[in-house]
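Shown next, in structure tokens, is the structure this report addresses.
What follows is calculated from the coordinates using simple rules that are stated; it is not laboratory data. Since the structure is predicted, the reported quantities are computational estimates derived from the model, not experimental observations. Neighbour counts are summed over all protein chains in view; Cβ atoms, including those assigned to glycine, are modelled from backbone coordinates with ideal geometry.
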Amino acid sequence: MKKTKDSGSNQWQGLVDEEIASLCSQWFKSKGWNPFPFQQKTWKAFLDGKHGLLNAPTGSGKTYALWVPIVLQYLKNNPEYKTKHTKGIKAIWITPLRALSVEIQQAAQHFADDLETGLTVGIRTGDTSQSERAKQKRQMPDLLITTPESLMLLLASKGYEKTFKTLTAIVVDEWHELLGSKRGVQMELALSRLKTVSSEIRIWGISATIGNLEEAMDVLLGTDSRLRENSVLVKANQKSKIEVRSIIPKKMETFPWRGHLGLHLLEEIIPIIKASRTTLIFTNTRGQCEIWFQKILEKHPEFAGEIAMHHGSIGKDTRLWVEQAIRNESLTAVVATSSLDLGVDFAPVETVIQIGGPKGVAKFLQRAGRSNHRPGEPSVIYFLPTHALELLEASALKRAVKDEVVEDRIPYLLSFDVLIQHLVTLAVSNGFFPKEIFPEIKSTFCFQEITEDQWNWCLNFITIGSQSLQAYDEYQKVKVTPEGLFKVESRQIAMMHRLSIGTIVSDSMMLVKYVSGGFIGTIEEWFISKMKPGDTFVFAGRTLELVRIRQMQAQVRKSSKRTANIVSFMGGRLPLSSQMSKILREEMQSARLPVGATVAPKRKTPEIEALSHIFERQERESIVPNESEFLIETFKTREGFHSLFYPFEGRFVHEAMSSLLAYRISLLSPITFSLAYNDYGFELLSDQFLDIQTILDNNLFSEEYLYDDLQKSLNSTELARRKFRDIAVISGMVFQGYPNKAIKTKHLQSNSQLLFDVFRDYEADNLLYLQAYRETFEHQLEEGRLRRALERINSQKTIWKQCEKATPFSFPIITDRLREKLSSEKLADRIKRMTLQLMK
Amino acid sequence: MIHDLHINNHNFKLHPSGAIYWEEKKMLLIADVHLGKVAHFRKYGAAVPVDAAFKNLEKLTETSNYFQPEIICFLGDLFHSKLNDEWHDFEKWVEYIQAEIILISGNHDIIPKYLYQDLDIKVFDELTLEGFYLTHHPTEIKGLFNFSGHIHPGIKMRGLGRQSLRLPCFYKTLNSLILPAFGNFTGKHILTPSKKDEVFAIVEGEVICVSQK
């Protein structure tokens, strides 16, 4: 908060009575602070009874922007607050990360105590002890700081409406983080219930800058016009200065064309680490994080004990220890993933290093913002490319930062899985009458378009487990009482439901524990399943030996053996956002040597300069396309016939476009493709020659029948199947077991893959099954973006280059090992040409 | 669509349903049907489509109508769980079917034996017949050829252009053969065969030998 010389202004006037006003004013003065305009605006709006969204970055004093008026409101309503404390919860503060809760609690409690308000602040998250929860149950703190999942759990307990009746406010912190996820939908639904239960409630969100702030507010408040009209969007307008420095390899010629680890440049960051107090090294995946940590220690043992690692799969205690160690400056560097993107400010962090393209401007800004909070000075972030072309991304990022381009967060629509979870939650606690709940559901942004039919489908799903009554069916979940109350009666169903709220959504996670006890973290089952007892692997920076697997627990002991087997995780690769893609395409133009020109083009950054030999080679073997050209390359290797397409639109769009094109080609004649893609382009690899002219002649990039064709091409790929994983868990179809309990649940464990197949074969109109496809279109394939990309391609001139060998552009794509496939050949025909994978 | 197999002078037919017909004994071998699994899941609140359960019995009927066996031998995990309503459908099916029924019990078969005996189904832990050893868990015994289930074998196929596919299969080694799971609400366990093993994959209603001879 800004230091002040003049604090005599009358900023409190008109808000509260004079006595309270002077108390606040004194408090701020005693801190040497002068309230920011955005704080004052928020205070006023809140006390005027408005709802709203506050757009302010971390570390800007946003907590006080909303906590102060909540306290003031209480003092206003309770003039005798000093002698008589009015019981009952006043406000809920939602935070997406547990790690943030302590910080908020301290700030809030501090202010409440200094003003002698007698208000209490409590935390309730997955980490809160059983006894503490029970205590809260009897007597809620005045401010409860919690996560969306823990709030859901409160709604799943009896009598919640009495507990929440006294609420005057709910603040959803880091709303931008929740918005583009199903936790956001969970919040929307919880809010829809609280609006009814607590008549005095004001709804506020706090969001970092995103492209669609207005929409973010609409999602938060829902479609209820009374709320919308009485709401306000407050912007802090604090510009953060960020300086991006790329680490450019000294020998560009030997710098690899592909790869995603970036270890070649490890030595380059050592001096950076040594020169600053604390350095955060951000990687894009947990696997990469593990590897970097390991390699730094291997090459520089002198760092032992001074560097640590932080990612989402490491046990909570270790993570908290690391966070604390950053604060008290006992660490030189921390290798982290997005688990450290958010949250608490770590004052000692002087430097941030980003390894590999962050793929989005917002993420990059957030990470950069983790360093150096000294006012006036810019935050410095180093960018370390993992392969040559990523330097282009670095150059594009610099521009994005300068031009303040930020991405949108796309909210989910009609997430029936979350709705089903919500309905069962209500049925577990008090039970519900559908005619009372339906208007609430309909008033949320997510479900504004829900039809009566869909609503009835959901009710049938939770009560009879299908759409028509089955003879002798023992389906049990929600029962309907003669009065028409929807209620869960089975204690076991209720317990299973509570446990499944907030389980980490992933296929199968295994706990890693020492044989002697002691939890290390969680890893994906597929990784452990490849190993035999006695095998060693590196996880959380330790070398561990697998002793045995017992009920979803991998029991390990420390090992002194050396191993190259570092734990790895599925997924986690982010696509280039559409904003970044556009800047990237423009940036590439500055790398082109105009035809006949000998003088370098004007806007050349050091990154583009360093890439010149690669662009030259690309020009020699193919071309670097200009704005009006669409490049297609074909060549043959031992693996088969490669056809490469370069729309430069980001991974997800390429994923969709490759399936679409492969499908359309396969309609012409039976053929099988294996598909690969990165942020720059995609590849169709086949064992048959592919004549590009046929694609052009048949107008296969057409936007017509896009949806239909995509749907059909997706039947052959497995995208929807993967989306279904989350849906099955959230809707309670897949039970993940009792955490840390030795109760056998094996007989109830099925995998979502199997369920997906069963739905496909026997209940293809199931809304949850269909949702998997819809999510694939809207969130994964970004249908709208795909359509625009196709329009662009159709307006461009296609250049087909038949190359001798792999070009610099193609190299990172053709070596990608994560592949999809698409085929129009009969399965049996394909099998005859395949070979069995044998034991090595 | 059927694959014929000759083992120790006996003739076997591998059927794309996952069943094996033993000609000499007029016996149909079927492993891991996991009846009752759908109902079991539904009882605990997971709305698995009911049709999946009906289809299991339909498939049993079709397969036995096709071969007209004298004996149907289930190699374990016939019923997935405790008694539930799918048992009644199974009872009706047993009444309808002409053949004698034998069950080699598996790890999931926790339904009391007498209930099977009431249906005239004989229950064994294992069975030896003319040099063939029928079990639920794969079990090697010298001098005997073992037929078993339990594993739900599947294999992964690879092709040019980095294609890959996972398919259920009959998995044969020198002295044993593991049957694929017959039930439709069951998973697959992917095996990596050695060069000596023979693998018969099930692909769209066909049984195809995918291992090199």
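Below is a table of values for the structure above.
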read-out	value
Semi-axis lengths, Å, region A:626-681, gyration tensor of Cα atoms, sqrt of 5 times eigenvalues	19, 14, 12
Stretch gain in nm, segment A:Glu586-A:Glu377, where the contour uses 0.36 nm per residue and the Cα spacing is subtracted	72.3 nm
Convex hull volume per residue for region A:274-373, taking Cα atoms only, in Å³	94 Å³
The protein assembly as shown: projected area of the alpha-carbon convex hull, averaged over directions, in nm²	45.9 nm²
Rg followed by Dmax, in Å, when region A:416-500 is reduced to its Cα trace	12.7, 39
Residues whose placed amide H lies under 5 Å from that of A:Arg409, excluding near-sequence neighbours	A:Gly211, A:Asn212
Spacing of the two label points (7 Å from each Cα toward its C-beta) at A:Ala304 and B:Lys26, in nm	7.7 nm
Pairwise FRET efficiency - A:Lys76 versus B:Leu83, Cβ, R0 = 51 Å, nearest 0.05	0.20
Residues whose placed amide H lies under 5 Å from that of A:Ser207, excluding near-sequence neighbours	A:Leu54, A:Asn55, A:Ala56, A:Trp175
√(5λ) per eigenvalue of the Cα gyration tensor, region A:18-235, largest first, Å	24, 22, 17
Likely footprinting exposure, A:His300, A:His613, A:His654, fewest C-beta neighbours within 10 Å first	A:His613, A:His300, A:His654
Selection of trypsin sites (Lys or Arg not before Pro), region B:15-97, meeting DSSP coil and at most 14 other Cβ within 10 Å	B:Lys26, B:Lys82
Share of alpha-carbon pairs per 10 Å distance bin for region B:70-213, given as whole %	11, 36, 33, 16, 4, 0
Filter on B:Lys122/B:Lys142; A:Lys479/B:Lys37; A:Lys241/A:Lys295; B:Lys37/B:Lys122; A:Lys442/A:Lys487 - keep pairs with C-alpha separation over 29 Å	A:Lys241/A:Lys295
Förster radius 30 Å - calculated FRET efficiency between B:Glu95 and B:His10, Cβ distance, rounded to 0.05	0.45
Residues of type lysines that A:Lys135 reaches as a straight line, Cα spacing below 20 Å, ignoring anything fewer than 8 places off in the same chain	A:Lys87, A:Lys90, A:Lys158, A:Lys162, A:Lys165
Binned Cα-Cα distances of region A:663-729, short to long, each 10 Å bin given as a whole percent	16, 44, 31, 8, 1
Within chain B, percent of DSSP bridges classed antiparallel, to nearest 5	60 percent
Sum of -39500 (n - 2.57) over DSSP H runs of 4+, divided by residues of the protein assembly as shown (222 nm, nearest 500)	-10500 deg cm²/dmol
Alpha-carbon Rg with Dmax, taken over region B:1-141, Å	15.2, 50
Region A:630-724: GluC sites (Glu not before Pro) falling in loop per DSSP and having at most 11 other Cβ within 10 Å	A:Glu704
Contour minus Cα-Cα distance for A:Asp127 and A:Asn699 (0.36 nm per residue)	200.2 nm
Cα centroid of region A:147-206 to Cα centroid of region B:92-115, whole Å	52 Å
Residue list for region A:612-630, given a label point 7 angstrom along the Cα-to-Cβ vector of A:Glu253 and an amide N cut-off under 19 Å	A:612-621
Region A:26-132: trypsin sites (Lys or Arg not before Pro) falling in loop per DSSP and having at most 14 other Cβ within 10 Å	A:Lys82, A:Lys84, A:Lys87
The protein assembly as shown: antiparallel DSSP beta bridges as a percent of all, rounded to 5	50 percent
Directionally averaged projected area (convex hull, Cα atoms, region A:177-289), nm²	11.8 nm²
Förster radius 25 Å - calculated FRET efficiency between A:Arg617 and A:Ile270, Cβ distance, rounded to 0.05	0.25
